[in-house]
Amino acid sequence: MSTELTPIEEARRDVVLGNHILAMEGVLDVFGHVSVRHPERPDRFFLSRSTSPAQVTDETLLEFDLDGKIVSGDGHPYLERFIHSEIYRARPDVGSVIHHHAPAVLPFAVTGVPLRPVFHMGAVAGEISPIWDSQDDFGDTSMLVFNQPMGASLAKCLGPHPTALLKRHGAICVGESVPRAVHVTVCMRDNAQLLMQSLAMGEVDYLSPGEVEKSAKVNGYGRPLERAWSHWVRRCG
Ligand SMILES: [Zn+2]
C-alpha cells in the first residue's frame with residue numbers, strides 16, 4: 001500500500017505542523033492562526049476552527065470559501081478568518097497565511113519604528129513591513145479583522161510584501177506554501193528581536209536594498225527553506 005500523501009492531505013498535514021511549530025517557537029501562544037490554500041481549489045482554504053494553535057489537528061480543520069464561509073467541517077470559526085480569505089483573494093501567489101502577535105514584533109506595531117532587515121536572514125521577511133491601522137478606515141473597533149471590508153483593507157496594505165504589521169495588534173506573514181510562510185514568520189520575529197536590541201545599543205546599519213534582494217532569494221527558498229522546515233518538523237516530534 002502506498003504511503004504517499006495526496007496534495008490535499010499534504011496541505012492539511014503542513015498546516016497542522018505550521019501551527020505546532022510556531023507554538024513551539026513561541027511565535028503563537030493562545031491566539032494567532034495558520035491557513036493553507038486548497039491545492040486543487042484556489043477559491044478555498046483550510047483553517048482550523050477556533051482553538052489554540054497547539055491544539056490544532058486534522059480533525060479541527062474547516063474548509064472555507066473566499067467569502068469566509070465554511071464549506072466543509074463543523075465548529076466555531078475564528079473571527080479573524082477574513083484576514084485569510086481576503087489575502088487569498090488579493091494575492092493569487094499566496095498559498096499560506098499566518099496571523100500572529102509575536103512579542104518581539106509588537107513594539108514595531110506599537111511605535112511605528114520601521115521594521116527593516118538588520119541581518120541576512122531578516123531579508124526573508126522583506127525589505128519593509130507596511131503598517132495597517134484599522135483606525136484609518138474603520139475608527140474605534142475591537143481591532144479584530146472580523147469582516148470582509150477589514151480583511152480587504154488589510155490585504156491592500158500588504159500589497160506585494162511578505163509581511164505587514166497591524167497597528168497595536170500584531171502581524172501577518174504570507175508565503176507560497178506553509179513551510180515558506182513559517183520561515184518568513186520566524187525570520188521576521190528574529191529580525192525584530194535583533195533590531196530592538198541593536199536600536200538600544202546605538203546606530204543601526206541596515207541591509208542595503210540590493211543585499212535584501214539577493215539575501216532573500218538565496219536564503220528564503222530551496223535548500224535553506226527545506227533545511228529549516230525539516231529542522232522544525234523534527235523538533236516538533
Ligand atoms: Zn489578532
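Structural remarks
- Taken together, the criteria exclude VAL16 from residues that are surrounded by 15 or more Cβ atoms within 10 Å (Cβ to Cβ), touching a residue at least 60 places away in the same chain (Cβ under 8 Å) and either of a type in the set (D, E, K, R) or within 21 Å of THR185 (Cα to Cα) (or both).
- Qualifying positions in the range 175-207 - under 16 Å from LEU165 (Cα atoms) and not aliphatic (A, V, I, L, M): GLY175, THR185, CYS187, ARG189, ASP190, ASN191, GLN193
- Whichever residue in the range 155-171 is aliphatic (A, V, I, L, M) and within 11 Å of the ligand (Cβ to nearest atom) and, among such residues, is farthest from ALA109 (Cα to Cα): ALA171
- Residue selected from the range 86-111 under the condition of a type in the set (D, E, K, R) and not in a loop (DSSP other than H, G, I, E, B), by the criterion nearest to the ligand (Cβ to nearest atom): GLU86
- Selection within the range 112-153 - touching a residue at least 60 places away in the same chain (Cβ under 8 Å), within 16 Å of the ligand (Cβ to nearest atom), part of a loop (DSSP other than H, G, I, E, B) and out of contact with any His (no Cβ under 9 Å at 6 or more places or on another chain): PHE146, ASN147
- Scoring VAL184 on the criteria (1) more than 18 Å from GLY95 (Cα to Cα); (2) within 10 Å of the chain's Cα centre (by Cα); (3) of a type in the set (A, V, I, L, M) leaves a single failure, condition (1).
- In the range 208-237, of all residues being surrounded by fewer than 16 Cβ atoms within 10 Å (Cβ to Cβ) and of a type in the set (S, T, N, Q), the one that is nearest to PRO162 (Cα to Cα) corresponds to SER208.
- Single match in VAL184, VAL204 (criterion: of a type in the set (Val, Ile, Thr) and either in a loop (DSSP other than H, G, I, E, B) or farther than 21 Å from HIS100 by Cβ (or both)): VAL204
- Pairs where the first residue, in the range 55-69, is more than 16 Å from CYS236 (Cα to Cα) and at pLDDT 95 or above and the second is of a type in the set (Ser, Thr, Tyr) and in a helix (DSSP H, G or I), C-beta under 7 Å, 6+ apart: PHE64/SER85; LEU66/SER85; LEU66/TYR88; ASP67/SER85; GLY68/SER85
The values are calculated or read from the model by the stated rules, or taken from the named source; none is laboratory data. The shown structure was predicted, so the numbers you read here are calculated from the model rather than taken from an experiment. Cβ coordinates were reconstructed from backbone atoms using ideal geometry, including for glycine residues, and neighbour counts include every protein chain displayed.
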